[in-house]
Amino acid sequence: MANLSSFDLAAVVAFGAVIGRAILGYTPTLAAGALGLVTLLVLQALTGQLRRFPRGRAAVNNKAYLLMAGEEFITANLKRTHVSESELLSRLRLSGVRNRSEIACVVLEPTGQISVLRTGVPIEPEFLENVSGAELIPKAFLAPHEA
């Protein structure tokens, strides 16, 4: 479930609620439950189509946020995303980071996962598109823009 977008997670919960109520025979009949399930499936398919377009993707998916730029925590984004410094340090350890100097940047992805990009190889600009706060990454960690 960590790889689901917010809308996907809501759809899964709704599926369970509709199916559970229909199976237990509560007020919605089995036919009403089936209708609700089909409606949710159609809405899920429509949001899948919306993701093909930039504005639709922005409306349906979460944003990516920069949590660390080099050795520095981005406190505003940590607060905005409700990620604590201790949670972030735990993720860094799981990624094998032993020292802050190894970090080029850390990104909270739209899926809820945390990506750790290390120093050593410059980061191409396309990897930072649509990442809120990407402009805070030190220039030394970025690949030069091609003209």
Of the criteria (1) in a strand (DSSP E or B); (2) free of Cβ contacts under 8 Å to residues at least 60 places away in the same chain, which one L66 fails:
(2)
All-but-one check, F127 against (1) loosely packed, with under 14 Cβ neighbours inside 10 Å; (2) without any contact (Cβ under 8 Å) to a residue 24 or more places away in the chain; (3) not basic (K, R), failing number (1)
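Residue-by-condition table, conditions (1) open to solvent by 40 Å² or more (accessible area, probe 1.4 Å); (2) among the charged types (D, E, K, R); (3) at pLDDT 70 or above:
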residue: D8; (1), (2), (3): no, yes, yes
residue: A17; (1), (2), (3): yes, no, yes
residue: A22; (1), (2), (3): no, no, no
residue: A58; (1), (2), (3): yes, no, no
Those residues that are within 16 Å of the chain's Cα centre (by Cα) and not basic (K, R), I need them from region 88-101; list them, please.
L88
Taking the stated definitions as given, is L67 within 20 Å of E129 (Cα to Cα), touching a helix residue (DSSP H, G or I) at 6+ places or on another chain (Cβ under 8 Å) and modelled with pLDDT of 95 or more?
yes
Can you tell me which residues in region 79-102 are in contact with a helix residue (DSSP H, G or I) (Cβ under 8 Å, 6 or more places away or on another chain) and either exposed (fewer than 10 other Cβ atoms within 10 Å of the Cβ) or among the polar types (S, T, N, Q) (or both)?
S84
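The values are calculated or read from the model by the stated rules, or taken from the named source; none is laboratory data. For clarity, every value in this text was computed on a predicted model and none was experimentally measured. Every residue, glycine among them, receives a Cβ derived from its backbone with ideal geometry; neighbour counts consider all protein chains shown. These accessible areas exclude ligands, DNA and RNA; they are computed on the full protein's heavy atoms, side chains included. Shrake-Rupley method; radii C 1.70, N 1.55, O 1.52, S 1.80 Å.
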